[in-house]
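The values are calculated or read from the model by the stated rules, or taken from the named source; none is laboratory data. It should be emphasised that the depicted structure is a prediction, and the values quoted were computed from it without experimental measurement. As a convention, Cβ positions derive from the backbone with ideal geometry for all residues, glycine included, and neighbour counts pool all protein chains shown. Protein only, heavy atoms only, side chains kept; ligands, DNA and RNA dropped before computing areas. Shrake-Rupley method; radii C 1.70, N 1.55, O 1.52, S 1.80 Å.
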Amino acid sequence: MTREKTPHHRPEGHVLVPSAAIGGLSIALAAGLAVLGPMEKFNQSIATIVSRGGAESFPKHLPAWSFWICATLFAFGLAAAILSTSGSWRRIVLWVTSVILVAAWAPVLSLAAHAPEIGVPLVTTIWSGVCALVYAANHHMPCDPPPSSQP
């Protein structure tokens, strides 16, 4: 008895609605964590890492809305970019680069004497990327090459 391999057919994926859902859920996750308090502790830990004096050594603070705008742009933009990019390797590179870019804000903000409150943008970037990678791995995206038919 021989077993024939049946090709795994992934359902067709879309970009607009899934990226909107992923971005919205990423923002909801960050908002929930901000309300419950872990974001404040995380931001204090980052401040301690990038400065000797900890969170108390930063005389300036950026307005809270600026972090939420950046988080929103990264949550929706990264999800749409990942779902619009072909190839798993390219998607992973895009996600890792985005996470590194957001994480690199901490030392830059501390050099400008601003408190490095990067928790919200970092959480939305990480979660949006993970969700978009999982979705793209389980669906055949429009930008992916057509599946090859093997006899």
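At-a-glance table
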{"read-out": "FRET efficiency, Asn138 to Ile100 (Cβ-Cβ, R0 30 Å, nearest 0.05)", "value": "0.70"}
{"read-out": "FRET efficiency, Trp89 to Glu40 (Cβ-Cβ, R0 41 Å, nearest 0.05)", "value": "0.70"}
{"read-out": "Mean ellipticity per residue at 222 nm, deg cm²/dmol - from DSSP H runs of n ≥ 4 across the chain, formula -39500 (n - 2.57)", "value": "-21500 deg cm²/dmol"}
{"read-out": "Fraction of accessible area attributable to carbon and sulfur, the chain (%, probe 1.4 Å)", "value": "69"}
{"read-out": "Percent RCO, i.e. relative contact order, over the chain, from Cα pairs under 8 Å lying at least 6 residues apart", "value": "39"}
{"read-out": "Given charges at beta-carbon only (K, R positive; D, E negative), |dipole| of the chain in Debye", "value": "240"}
{"read-out": "Residue among Thr72, Thr48, Thr124 with the largest mean-square fluctuation in a Gaussian network model of the chain, springs linking Cα atoms under 10 Å", "value": "Thr48"}
{"read-out": "Per residue, in Å², the accessible surface of the stretch 1-139 once ligands and nucleic acids are set aside, probe 1.4 Å", "value": "61"}
{"read-out": "Most mobile listed residue (Val123, Val99, Val35) in the chain, GNM with C-alpha springs under 10 Å", "value": "Val35"}
{"read-out": "In nm, spacing of pseudo-spin labels at Thr48 and His9 (7 Å Cα→C-beta vector)", "value": "5.5"}
{"read-out": "The chain: mean projected area of Cα convex hull, nm²", "value": "11.7"}
{"read-out": "Of the DSSP H helices in the chain, those whose Cα atoms cover at least 15 Å axially and whose Kyte score averages 0.5 or more", "value": "16-36, 64-83, 88-103, 119-138"}
